[in-house]
Amino acid sequence: MSVRSRVLVLLPAVAVLAAVALASVLHASARADRRAHTRAGGPEVTPGEVTLRASGRMVFRNMAWGPHRDELTTVPASDPAGPRTASGVKCLRFYAASGTGVCLQAVHGPVSDTYRALILDAHLRTTARYDVPGIPSRARVSPTGHFAAWTAFVGGDSYAGTDFSTRTAIADTRTGRLTPTLEAFRIVKDGHTYRAADVNFWGVTFAADDRTFYATLATQGRTYLVRGDLLSRTVTTLHANVECPSLSPDGTRVAYKKRVAGLSRDAPWHLYVLDLRTLRETPLAEPRSVDDQAVWRDAHTIVYALPGDYGADLYQVPADGTGRARRISPAAVSPAYLGQPRPAP
């Protein structure tokens, strides 16, 4: 084939690709424009002051369409579906405790997005920034506010399958010292040091002693609840088939999602609570698959996100397996309850 013939063949292909790319950009732009306009029937959102020191409040990422979409927003914890006060600070994932917050953000570039973790003070001012090597997934702050953790996908973008890779980091919010990956910690599995190339961690949750944490460890196609020690830089396996643990306010139980045989591969999880002393599991009364790191509203109630009309809605369910699940707040995700009592270290 001559050069001229090759050019004649390539030109239509290039034109088609350019048209597809342009259509994709225009579609994304139109969708973003729609989301910037308030939708009738959505939650009432107004700008105002948001502080992480206000007791009895819930702070979360607002998902309602309008000028305050993705902003950190607050409502009384007793009225989670009530009028919202928006902060102007946008986050993909968020958590807070004791006046310290962690906000995972996207930084939009001309070719692709990058991501970062911001440590926030009680007035949502940034005190530290860290690069995040992939799509943000989970975020937590220790009960004291002294440590923050986050997880990102560095390969893949879903926990449902097995073809993904994560990176979980922990930062000391007082000194700025960063542990960029938990894979640097020594793993103790079945009483022996364990090493494997396929190890992944995600879903950190902290105890109140500024030393102990829990997380998910994945290896060889299985997941485990691990107890971590920040001083010895060790994690120890405790229980199998645990993902995205969340420690109760009294430090005695963990809420988590568990893979259940027979469920869809894309939605394989059920919510459970594990007693850390007896390792007894209690299934919760949420029949749907929950892909979230739940939070404890108090010692008796679990809160989590499920897909909704605006992206996600918040639901709650009793932590003892009784009752039923109910929606408490539309168009919301990544909640943090402020002013929770902490057990003594």
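The values are calculated or read from the model by the stated rules, or taken from the named source; none is laboratory data. Just so it is clear, the structure is predicted and the values come from calculations on it, not from any experiment. Backbone-built Cβ (ideal geometry, glycine too); neighbour counts: all protein chains shown. Areas reflect the complete protein model, heavy atoms only, side chains present, ligands, DNA and RNA absent. Shrake-Rupley method; radii C 1.70, N 1.55, O 1.52, S 1.80 Å.
Based on the reciprocal of the average 1/r between different C-alpha atoms, the Kirkwood radius for the range 183-313 equals 15.4 Å.
Of the residues H146, H108, H123, the one that moves most in a GNM of the chain with alpha-carbon contacts below 10 Å is H108.
Mind checking which aspartates and glutamates have their C-alpha under 19 Å from K90, skipping anything on the same chain fewer than 8 residues away? Qualifying aspartates and glutamates at Cα under 19 Å: D33, E44, E49, D70, E71, D113, D121, D131, D313.
Please work out the Cα center distance from the range 222-256 to the range 103-160, rounded to the nearest Å. Between the Cα centre of the range 222-256 and that of the range 103-160, the gap is 21 Å. Rounded if a/c is under 1.5, else prolate if a/b is larger than b/c, else oblate: which is the range 102-243, with a ≥ b ≥ c the root eigenvalues of its Cα gyration tensor? Oblate shape, in that a/c is at least 1.5 and b/c is the bigger or equal ratio.
Rounded to the nearest 500, the 222 nm mean residue ellipticity of the chain from helices alone is -3500 deg cm²/dmol, with -39,500 (n - 2.57) taken per DSSP H run of at least 4 residues.
State in Å² the accessible area per residue of the range 194-310; use a 1.4 Å probe, count heavy atoms of protein chains only, and round to the nearest integer. The partial results should precede the final answer.
Details: 4940 Å² over 117 residues.
Value returned for the range 194-310: 42 Å² of accessible area per residue.
Of the solvent-accessible surface of the chain, computed with a 1.4 Å probe over protein heavy atoms with every protein chain present, carbon and sulfur atoms account for 52 percent. In a reduced charge model with +1 at each Lys and Arg Cβ and -1 at each Asp and Glu Cβ, the chain shows a dipole moment near 360 debye about its Cα centre. Around the Cα centre of the range 45-160, unit charges on the Cβ atoms of Lys, Arg, Asp and Glu (plus for the first two, minus for the last two) sum to a dipole of about 140 debye. Calculated from the alpha-carbon coordinates, the chain shows an Rg and a Dmax of 21.6, 80 Å respectively.
Each residue of the range 190-205 was assigned a 3J(HN,Hα) from its phi angle through the Karplus curve 6.51 cos²θ - 1.76 cosθ + 1.60 (θ = phi - 60°); the sequence is 6, x, 10, 4, 10, 9, 7, 6, 9, 5, 10, 10, 7, x, 5, 9 Hz, with glycine and proline shown as x. Cβ screening of the chain for cysteine pairs under 4.7 Å finds these without a partner: C244. Of the residues T282, T144, P318, the one whose Cα sits farthest toward the positive end of the charge dipole of the chain, with +1 on the Cβ of Lys and Arg and -1 on the Cβ of Asp and Glu, is T144. Toward the positive end of the charge dipole of the chain, with +1 on the Cβ of Lys and Arg and -1 on the Cβ of Asp and Glu, the farthest Cα among T73, A336, A117 is that of A117. Over the chain, what is the relative contact order in whole percent, taking alpha-carbon pairs under 8 Å and six or more residues apart? This gives 13 percent for the chain.
Between the Cα long axis of helix 3-35 and the first principal axis of the chain there is an angle of about 50°, rounded to the nearest 10.
Out of V235, P133, A299, whose Cα points farthest toward the positive end of the dipole of the chain (charges: +1 Lys, Arg; -1 Asp, Glu; placed on Cβ)? Highest projection toward the positive end goes to P133. The phi torsions of the range 148-161, fed into the Karplus equation with coefficients 6.51, -1.76 and 1.60 and a -60° offset, translate into couplings of 10, 9, 8, 10, 9, 7, 9, x, x, 8, 8, 7, 5, x Hz, rounded to whole numbers, with Gly and Pro shown as x.
Shape class for the range 196-270, computed from the alpha carbon gyration tensor (a ≥ b ≥ c): oblate, with a/c not under 1.5 and a/b at or below b/c. Rounded, prolate or oblate, given the Cα gyration tensor of the range 124-172, with a/c below 1.5 counting as rounded? Prolate, because a/c is 1.5 or more and a/b exceeds b/c.
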